[in-house]
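Here is the structure we will look at.
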Amino acid sequence: MNFDTQILHAGISGDIQTGATLTPIYQSSAFGRNSAEEIERIFNNKASGFAYTRISNPTVAAFESRITEIEKGLASVATSSGMSAISMTLLNILSSGDELISTTSVFGGTLDLYNDLKNLGIKVRFVEEITEEELSKVISSKTKAVFAETIGNPKLNVINIKESARIIHKFNLPFILDNTIATPYLIKGIEFGADIIINSTSKYINGSSNSIGGIITDSGNYKWSAEKYSCLNEYIKFGKFAFVARLRNDTYRNFGSCISPANAFLNLLGLETLSLRMQRHCKNAHTLASFLEKQEGIRSVNYPSLKSSDYFEITNNQFGGKGSGIFTIRLYTKERAFEFINRLKYAIIITNIGDTKTLVVHPASTIYAHSDKETQEKAGVYEDLIRVSVGIEDIEDLKEDFLNALNYINKEYPL
Ligand SMILES: *Cc1c(COP(=O)(O)O)cnc(C)c1O
């Protein structure tokens, strides 16, 4: 099955009993069984079936099975949010005293999470880029994984996944990749060597911002050892399923990070149109970004598929020239940035991305408000920068709207 067919038919599809074309919402907390013996077998993983929705649920399982096939993984676990997907992944493999290496340009919430990990005795060391030289500087016997985003948010730097995987594996570490901005429409990270894929489904997968959710997909390719990952000790016997076995039976279950069946249903529904929406998001973003690049009063436009981007070449090679739906612009001053945002007619002022509607935000005063200036700048956040998540509206309306706002600030707040 190719991608556009997979998003409609892969994994568990519809409902066999009734012929319903969509997997029903099994809005039930628990599942009754015919005998004490049966529930014993299910509860102890000796038989398949459902017992309690915090552990597993048929609607959630349908969503997980479809994502697993799309990502070409071994198994997936859907979570209550993208942040929960990240925290559960890290807590599943890291113990107190361990270290994680992360790129600097990651989502603001992920940076905040790293501070929480510090309180648990887990240290995060940063690299600007995944190169052998940079990794060598921060790696130690305590290092247990490397974390990066395919397209950094909001720096919009693009990682060469194949090359990164090669380097990370040279150090015998697992490569955890947050693919939220690129989505499996642009790239399936496992095919390029990433070991664990994280998607915040709240964004493009859901597509119309109606539910928060996340999903973890394990490739099953990394060889976990009990000596290096003490918390996986009991699960090493499951071989390539070790990571997912601990996640499902322990970390995810005990931290209680399950997604609701209703949200899993909405994600399945959103997923059906991911390809069509992404085509439009990419096209609109490219058109609007290159249009703005030609105007007066803009310090810079940053979008991966523009010729002016440092990542133009890798965007071409890795994503076939598509750059996802997000670009940033710098307008010289915070005042101009604020006035520009306030002047836009269609763009919603909001800390979100990946909606069908165009969204705009000033990251420095919102998502990155808790980070110091140095951290902000390493993540590509500046006082005069605004982030635009381009929707699927008519492009002529968007061009007109952005041009009007720009003309206004150029006139009222001249440089
Ligand atoms: C939004 C986002 C997250 C967090 O996802 P939530 O569903 O909001 O918890 C993680 N990583 C990236 C790249 C994101 O854009």
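The values are calculated or read from the model by the stated rules, or taken from the named source; none is laboratory data. These figures come from a predicted structure and were not determined experimentally. Here the Cβ positions follow ideal geometry from the backbone for every residue, glycine too, while neighbour counts run over all protein chains shown.
Annotations for the structure displayed:
- Applying a threshold of 8 Å to beta carbon distances and a minimum spacing of six or more residues, or different chains, the list of pairs starting in the range 47-64 at a residue that is modelled with pLDDT under 95 and ending at one that is of a type in the set (Val, Ile, Thr) and surrounded by 16 or more Cβ atoms within 10 Å (Cβ to Cβ) reads Ser48/Ile42; Gly49/Ile42; Phe50/Ile42; Ala51/Ile39; Ala51/Ile42.
- Residue count for the range 99-125, restricted to those that are closer than 14 Å to Asp372 by Cα and either assigned to a strand (DSSP E or B) or more than 18 Å from the chain's Cα centre (by Cα) (or both): 1.
- Among the candidates Lys170, Lys155, Lys123, the residue that is in contact with an Asp or Glu (Cβ under 6 Å, 6 or more places away or on another chain) and either within 14 Å of the ligand (Cβ to nearest atom) or not assigned by TED's automatic domain parsing to the domain that holds Ile348 (or both) is uniquely Lys123.
- The lone criterion from (1) touching a Gly at 6+ places or on another chain (Cβ under 9 Å); (2) more than 15 Å from the ligand (Cβ to nearest atom); (3) acidic (Asp, Glu) left unmet by Asp178 is number (2).
Residue-wise test of (1) within 16 Å of the ligand (Cβ to nearest atom); (2) over 26 Å from Leu100 (Cα atoms); (3) part of a helix (DSSP H, G or I); (4) in contact (Cβ under 8 Å) with a residue 24 or more places away in the chain.
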{"residue": "Lys223", "(1), (2), (3), (4)": "no, no, no, no"}
{"residue": "Val244", "(1), (2), (3), (4)": "no, no, yes, yes"}
{"residue": "Arg253", "(1), (2), (3), (4)": "no, no, yes, yes"}
{"residue": "Asn263", "(1), (2), (3), (4)": "yes, yes, yes, yes"}
{"residue": "Thr287", "(1), (2), (3), (4)": "no, yes, yes, yes"}
{"residue": "Phe291", "(1), (2), (3), (4)": "no, yes, yes, yes"}
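- Residue among Asn249, Asn263, Asn254 that alone is among the polar types (S, T, N, Q) and more than 30 Å from Tyr229 (Cβ to Cβ): Asn263
- For the residues Leu247, Leu276, Leu271, the requirement of being out of contact with any strand residue (DSSP E or B) (no Cβ under 6 Å at 6 or more places or on another chain), aliphatic (A, V, I, L, M) and surrounded by 19 or more Cβ atoms within 10 Å (Cβ to Cβ) singles out Leu271.
- One residue stands out among those in the range 210-221 that are among the hydrophobic types (A, V, I, L, M, F, W, C) and surrounded by 22 or more Cβ atoms within 10 Å (Cβ to Cβ): the one that is nearest to the ligand (Cβ to nearest atom), which is Ile215.
Listed here are the residues, each with its yes/no results for (1) modelled with pLDDT of 95 or more; (2) of a type in the set (Gly, Ala, Ser); (3) touching a Phe, Trp or Tyr at 6+ places or on another chain (Cβ under 7 Å).
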site: Tyr368; (1), (2), (3): no, no, no
site: Glu377; (1), (2), (3): no, no, no
site: Tyr382; (1), (2), (3): yes, no, no
site: Gly391; (1), (2), (3): yes, yes, no
site: Glu396; (1), (2), (3): yes, no, no
site: Tyr408; (1), (2), (3): yes, no, no
site: Lys411; (1), (2), (3): yes, no, no
site: Leu415; (1), (2), (3): no, no, yes
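- Just so you know, in the range 350-388 the residues that are farther than 21 Å from Arg299 by Cβ and free of Cβ contacts under 8 Å to residues at least 24 places away in the same chain include one that is surrounded by the most Cβ atoms within 10 Å (Cβ to Cβ), and it is Ile350.
- Note on the range 128-209: no enclosed strands (runs of 3 or more DSSP E) hold 1 or more residues that are surrounded by fewer than 21 Cβ atoms within 10 Å (Cβ to Cβ) and either without any contact (Cβ under 8 Å) to a residue 12 or more places away in the chain or under 14 Å from the mean Cα position of the chain (by Cα) (or both).
- Only residues that are hydrophobic (A, V, I, L, M, F, W, C), out of contact with any Cys (no Cβ under 8 Å at 6 or more places or on another chain) and more than 14 Å from the ligand (Cβ to nearest atom) were counted across the range 60-106, and they come to 11.
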